[in-house]
Structure formats: C-alpha cells, structure tokens
Amino acid sequence: MNNRHLKIALLVLLFFISLSLFAGVNRQYIVPVDESDNLMDIMKSLYIESGLALPSSTAPYSVAELQLMTEQVKVEKLNSISLKQYSYLLEKLQSYTKEIDNDVLMDTNSKISLESYAHLNTDYFTERSDWVYDWQEQQKLFNMDVDLMANDIAYSFVNIQLGVSEHSYYEDGGIDFGTGHLSFNIPGVDNISLMDINTDLSDRAFLAFGGDNWSVQAGRDQISWGNGISGNLFLSDNLEYQNMARYTFFGKKIKYSYIASFFPFQGNYVSDLEVDSVTSQYDELVGFSMFTAHKIEGRLFNRLGWSLSEGNMFVSKDGTVDMSAFNPMLSYHSLYYKANCNSIISADLDLTIGSHFNLYAQAVIDDLVFPIGESKTGSWSPDAWGVLGGFRITTEKEGYQNLTTFEFAYTTPYLYMRNTGDTNSEQEGYGINFIVALRKFDQNGIYFDEQYLGYEYGGDAIVFNINNKIYDRNKWSFETNLFLMLHGTFDTDTTWAPVGEATNRTEDSTPTTYNYSDDGKNAVEYTGILGFYSSFNIADKFEVYNQLDFVGIINPDNVYDSDSSNFEADVQLTVGMSISY
C-alpha cells in the first residue's frame, strides 16, 4: 500500500470513529418500498385534502424525508378522520427513529409468515408467475431484520430470510406451482423438500448515511420512481431488488435524486453474443451492464408537481468503463456512443384540484424522431415511447379513509427493446435495451431472471386499472382492483431488424412473429383480473390477510388457435398470517 492509499484508509477510519463521538437521534431508517406504499397512500390523501400536489414519488425514502413531508400537511384543513390518520403517520415514523447515546445501537425484528394458495385451473396456471399474488409478493416463512446505527447519520440494514426457493416452483427446479389445487410457502410441504430452501438469504442489505435534508445509500434494495398503481414507466419495483448506489437531497419544494444500478452483462445468458453462457458457480462472468439515472422534482404554486428523469444504460463486454457515464449532472444524451450506451428520458406531472381530486401523468421516450431537425427518411430506429396517467379521488367516511384511483397506460411495441445488433459493434447480435436480469442460484445451478427495468408489462401494451382502497390506519384495510390489459406479441425475447433505406417510418417494422423464442405468437392477448385484498391487525404484532382474484385470459401466450377455445380462467385464493416479535 502506497502513502496515498494509506492516507485514504486513515481518513475513512477516522470518519467512522468520529461517528461514535456524538449522541443524537437517528432518522436514517430507509423505509422498504412495499411498506412506504401504504404510508404514502395516507400521505397522498392528506396532501390532496390539504390542496397540495403529491409529495415526492421517488422511493425508497428515509424517515427524515417522510417527516419533512408530514410537516407540510395543512393540519387546519383536515377533518377528524384525517387527523387520526395524520396522528398515526406521525407515530409510525417516530417509531423508526432511535436515540443513540455515544454508542452503536443494534436492533432486530423477526417475522414468521404462513401462507397457503388455492386455485381451480391446474392445467394452464401451473407456474408461480401465473398467479396475481406472485413470487414478488409471497412472504418468506421466516424473515429477520437487523438494524445497526451509529450517531445520527449512519445506518445499516440486512434482512435474513428462509423460505422456498423461487425456482423450486418450476418444472426444472422441483415442482410446478399450481399443478395441484393447494400449495404452501413451507419447505417440506407439498412435495417441496428441504433442498428447496431459498439460498438467496437477503434481498435487502445496505449501508446508508443521511441528515435532515440528504440521504446516501449503497447496497441492495428496491427502487420505484413514479405515482403509478399498475407500475411506472421509468423505474418500477417489479424487480425483487437492485444492486445499486444512490443519493438524494431534498427540501420542502425541490428534490434531486441519482442512482447507479448494476446488472449482469447480457452475454452471460444470451447465446447470440458469442460468449459462453453462465450456468454454474464455476463459469466466469464477463462484462457488465450499468444503469445510471438522475431526477429533479418539485412543486409550483403548491398544487402542481413536476419531475424530469433521464437514464442511461451503459454496457461493456470487456469491462471498459467511460467514467463520464457516472457524471450525475451530465445529460446522457450527449455521450454519443451507441455501441456502449442507450439513454431514456421521462417526465411526470400531477395536479391537485380542490381538496379531493388529483390528476397525474407520466411520459417516457426511448426513441423518437422529432419533426424539427431530424429526418424520417432513411432512419432505422422505430419510435419507442409510452404514456401513463390517471386521477385519484380521496374521501372520508365515518371511521375510515377512502382512496380511489383510475389509471390508463399505453406503451408502443418497441419501448425498452433494441435491434439485433447488426449496426452495433459492441453488442453484435443483441442491441442495448432496458431488459435486465437478476442472477440467482438453486440446486440446478445459475439462472437469470429477466424483467423490464421500467414498466412491468413492457412495450406493446394497453392497460386500464381501477383501484379502490378503504382503510383505518393500522387496524384494517380492504382493497378492490380491476385490471384490464391488451398485450401484443412483443416481449423480452423480441428484437427488431432494420429494413434499409425506408421512406416511411412505418416500414421500419419487425413482423409480430420476429421473436427469439419462436413460439408462434400471432395474436393480441386480452387479460382481465378482478381482485379483492383485505388485512386485519388482530393484535399489535399479529396480522391476518387474504387475496382473492378472478382471472380471465383470451388468446393466452399471444397464440390464437382455431381448433381450441382460446380462453383460460382461474380463481386464485391466498390466505396468510404473520407474527412479528
């Protein structure tokens, strides 16, 4: 180690030693995205009733940031029911803060969750992904959270979980989830052996620092940017976690956020890239994919919220990095090297009208030829964009709060995907896209779980979603959701090919059957889901919950067959209970 490295190491050591020299209140707890969703439902209702634009839509949040949001609620405009919700919100946030007295504090919280799943259609709905209450929502049998705090700015977290491996629910991993009418989340039950215990022991593990107006986090956690109910177009929480680093600074009207997330290079699991596929722990990984993004958001005239987001996917087969891709203030559209990167941009607006009504909208642009300064003649990049919007109505009944949301989304077929790589030297055989993967392991080896980084349903989709939620603080909640979707044949396996010197951009199309999986897709798939969810806190740390979904699909898997009914339906019931201690 040379003198320069020694000095840096000593400075880092002195920094951590200094953390224990002062006492204070630690407010740097990072609220999990799924938990903050429930808190933000209350917060949004209070903001709308206060006549304010919605608070920040960039999760996760630190307790310090959520407490700053609550300070802006106009208490004098709240009715008696909303005041109770407001008091509960303050109490909940206060429970996350810890007194640090010249020491390092460690806190643990554990939870045991028992779940059972029953359904009718055991012929088609046989995989875990076929369920509305899917793997992402399934609770682990045992979950323990460990918090470690020092002074008022340092916080670390890790969760330890034991349950059934996700891949155990699939044919090549153990059993087909749903081939029977009844299943459980308990290893050793329903043909699931102890060998099927989840080996990914943590989906949240990170170190965080922060203050009254800033927060820095590095590690593994979920990310969500936007106000959408069915998902968000730029960054969604459909990914189980992201390996990332982020920082944010926030005030009462302005907030800035930056994130860098890292994913496996597609060549490790896409055969067209002439790289040996990774199927075991002994196969060497090559390259990397990195997504960086920044977002500025604020409020005008108190009632109008706005935000601008820009992201960049940087991909390298040999591990080369252009450090300019890390610049948090640079416009990524100015990097100009398509062989390694692809940028995306989005905007959000929300407007509160009166004290019960809020409008919101998102727009994302991956590729778009502008009418001024760009020619459509000879261009080989098809337009790729999406829009999402809706409105919320908040009302108060005697004893409970009511929040109703109507939402619509439209994504063009080419959103998030890229070409076959014919004009791309770095990504020969597969263009740079916004489809990422999480690397996982089970008794059969390494596998890669591919998902869209943005909207869960990707491009080529039209979605309608109506949600109604009534709740009384932490006592009970009841939710009804109607989901309708029309989805074309383009999916995560689809790429497109340039057709040469096109005279009209509609000629830059790929046939709907141009799909790597070559699975015969030839029709639009229509999906309808009517769901009911309820939860009851029987005691302070004892919760029971259930979800009932009626599912109907026309042209399942985007295949129309004149010799079959082309319709599948199912009734799915999840019943669970959780005990915390």
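Values quoted throughout were computed directly from the atomic coordinates according to the rules given, and no laboratory measurement underlies them. On a predicted model such as this, the values are computed, not experimentally measured, just so you know. As a convention, Cβ positions derive from the backbone with ideal geometry for all residues, glycine included, and neighbour counts pool all protein chains shown.
Observations, loosely collected:
- Taking each of LYS255/LYS397; LYS295/LYS541; LYS74/LYS295; LYS84/LYS541 in turn, the alpha-carbon distance tops 31 angstrom for LYS255/LYS397; LYS295/LYS541.
- Peptide ranges 326-337, 383-394 listed from the most packed, as the mean C-beta count within 10 angstrom indicates: 383-394, 326-337
- HN-Hα J in Hz across the stretch 233-244 - Karplus 6.51, -1.76, 1.60, θ = phi - 60°, x for Gly and Pro: 7, 9, 9, 10, 8, 6, 6, 4, 6, 10, 8, 8
- Computed extension gain for LEU114 through LEU90, at 0.36 nm per residue and net of the alpha carbon distance, reaches 5.6 nm.
- Ranked packing of 141-149, 406-414, most packed first, by mean Cβ within 10 Å: 406-414, 141-149
- The GluC sites (Glu not before Pro) of the stretch 260-362 meeting both criteria, a DSSP state outside H, G, I, E and B (loop) and at most 14 other C-beta atoms within 10 angstrom of the site's C-beta, are GLU274, GLU284.
- Packing-based exposure ordering (other Cβ within 10 Å, fewest first) of ILE30, ILE529: ILE529, ILE30
- Residue order, fewest to most beta carbons within 10 Å, for LEU349, LEU415: LEU349, LEU415
- The stretch 445-499: trypsin sites (Lys or Arg not before Pro) in DSSP coil with no more than 16 other Cβ atoms inside 10 Å: LYS475
- By the count of other C-beta atoms within 10 Å, a proxy for reagent exposure, TYR282, TYR416, TYR526, TYR471 are ordered fewest to most as TYR282, TYR526, TYR471, TYR416.
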